[in-house]
1. Please work out whether the range 341-442 counts as rounded, prolate or oblate from its C-alpha gyration tensor, where a ≥ b ≥ c are the square roots of the eigenvalues and a/c under 1.5 means rounded, while otherwise a/b larger than b/c means prolate and anything else oblate?
2. Placing +1 at every Lys and Arg Cβ and -1 at every Asp and Glu Cβ, with all other atoms neutral, what dipole size does the chain have around its Cα centre, in debye to the nearest 20?
3. Per DSSP helix of 4 or more residues, -39500 (n - 2.57); summed, then divided by the residues of the chain. What does that give at 222 nm, rounded to the nearest 500?
4. GLU341 accessible area, nearest 10 Å², 1.4 Å probe?
5. Run the numbers for GLU521 and LEU565: contour at 0.36 nm per residue of separation, minus the present Cα-Cα distance, in nm.
6. Of LEU375, VAL187, VAL275, which is farthest on the positive side of the dipole of the chain, counting Cα position, with +1 on Lys and Arg Cβ, -1 on Asp and Glu Cβ, and the Cα centre as origin?
7. Relative contact order for the chain using alpha-carbon pairs under 8 Å, separation at least 6, rounded to a whole percent?
8. For the range 399-419 and the range 268-298, what is the centre-to-centre distance using only Cα atoms, to the nearest Å?
Amino acid sequence: MSDATGSAVPDLGGVATLNDIVQAHETVDSAAYEWCLADDRLQWSASAAAFLGPDVNRELASGNGYAAIVTPGSGGGRAAAVEACLSAGLAGESKQFDIRYSIRLPGRDGARELHVIDRGVCHFDAGGRVERVLGLIKADTAGGQGRPAAPAAVQVLPNAGTGRRPLAMLVKDWLERAGRTGEPFGVILIEIDDLVRLNDTYGFDAVDEVIEIFRRRLRAELAEGEAMGRCSVGSFGLLLRLRPGEDFAARVHGIVDAVNAKPPSTERGVVAAGVTAGALTVPVQAGTLADVFRRVQDALYHARHRSRGSFAIFDPAIDRAAEQCANLQFADTIVRALDEERVGLAFQPVAAAATRRIAFHEALVRVRGRNGYVLDGAAVIPTAERFGLTGLIDRRTLQLAFATLAADPQLTLSVNVSPTNLDDGSWLRLMESHAGDGLCRRLIVEITESARLVDIGHVRRRIDWLHELGCRVAIDDFGVGYTSFRSLRELNVDILKIDGSFVSGLVRSEPDSHFVRALIELAAHLGVTTVAEWVLDEPTASRLVEWGCTYLQGELIGLAAPQPLPG
């Protein structure tokens, strides 16, 4: 970091005590200080006596006492620096300043004038007031010893800070500065990978250590005049100066590699953790605060999906702004439909393969728009998953299913639930509320296999609990997700639903034919009944019956309709 004249300015953003400054920055021709504004107490380091006189701790023990020796008209004083930091709108995060002025010191041969550079950092309290100032003064050799220093305005410096100030505030400041100076800068959004998994595996205390270790590693990668801010619990943003001819991508690559060079070592031991990053240049690739965050998140998104521990530079060709805007609007449509009770069910029949008699219906979610159009689950669920709305949809589907079962004592229904929502408190309480009315005995809970079943043992315990309530349990869309044959045996499910992408073409595809037949035979050996989805024609149905498939579902049996078919 350097000031307006190009002199090196110590970065005080990370200092917390007077001793920190003394150890890291004090020299023989300087003196460190701490000024507490509440009682105006001014404390000096030991070297201040040689620099300012032997009576410094008595004569200059207060902010007012020190202000009295500042030469009028020689420049902004320390109080002016505090006002400048406050007026910058930066309360809540320490902020650095650089000022020049002259002071008059008593001596045996009369008063002597000393031109000084005063570099400090303001620390704010919870109310946004400056609580204390830590700083360093040294002789200003550029000012000359025989003439007054030229008056100069207080310079509020770009602050690398501690990484705890909100990133948005930093980016806003840097954007405003870029608008004044025309200097571009780089933004890197760095995220700790799999934070939820790390919490589950190592515990919150260890992960807190990991976050702090990565914060310090990132802080060490900053050059003078660069900054770091907090974005969320496990992510930070870096603001980098772009030097002429510098390869920005290479710089980002170097930072990510340095941070990931070795796993963090905590009190619980070494933690297998790393970071992934997205980056862009400002204002070249983003000119507003909203654009900066949207596009750097785009870059991070692509880095995560490419490989963890990597980085990506924003590419305008893959700007997801329009897609995100559409998804946000669609998510809002879903939420409003839930609030306004415009979410309903459609019922698709599932028939016994041998007799074609209706055995049960799958209850499928339908969202009705305000203009009357109806969206099915294929349109709704992907966006709901992205915005964390599946819990709301699964609960509403279950409510409607129970109401339908209560209205028709002859009906059996299946409902879908995401594995993550098996732990949703509201969903569980809704299930428990019907434990004694017999409705659960006519309910099949379909767990979506296309989502990862992270803890097989935990899911098995949930399935056992559903069995105790009287429900049957199915694995839905088997074959396109993550569940292995071994996991299928351990889960103790009642029904295996074979994904329709394998069923619909089995007459024409030998690999699909072998796969479906193997699944049916395996399920039979495990005592699990099978449902073949997307059964479109009679040749497919006949083949499935021949192989011993228990149930058929699809166009041949019947499409989803507003009312269940009679049994």
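The values are calculated or read from the model by the stated rules, or taken from the named source; none is laboratory data. Not measured: the values here are computed from a predicted model. Positions of Cβ are backbone-derived with ideal geometry, glycine not excepted, and every protein chain shown enters the neighbour counts. When the accessible area is computed, the model is the full protein with side chains, heavy atoms only, and any ligands, DNA or RNA have been set aside. Shrake-Rupley method; radii C 1.70, N 1.55, O 1.52, S 1.80 Å.
1. It is oblate, given that a/c is not under 1.5 and a/b is not larger than b/c.
2. Roughly 440 debye, rounded to the nearest 20.
3. The helix-only estimate for the chain comes to -11000 deg cm²/dmol at 222 nm.
4. Roll a 1.4 Å probe over it and GLU341 shows about 130 Å².
5. Contour length minus Cα-Cα distance gives 12.9 nm.
6. VAL187
7. Dividing the mean separation by the residue count of the chain yields 9 percent.
8. 45
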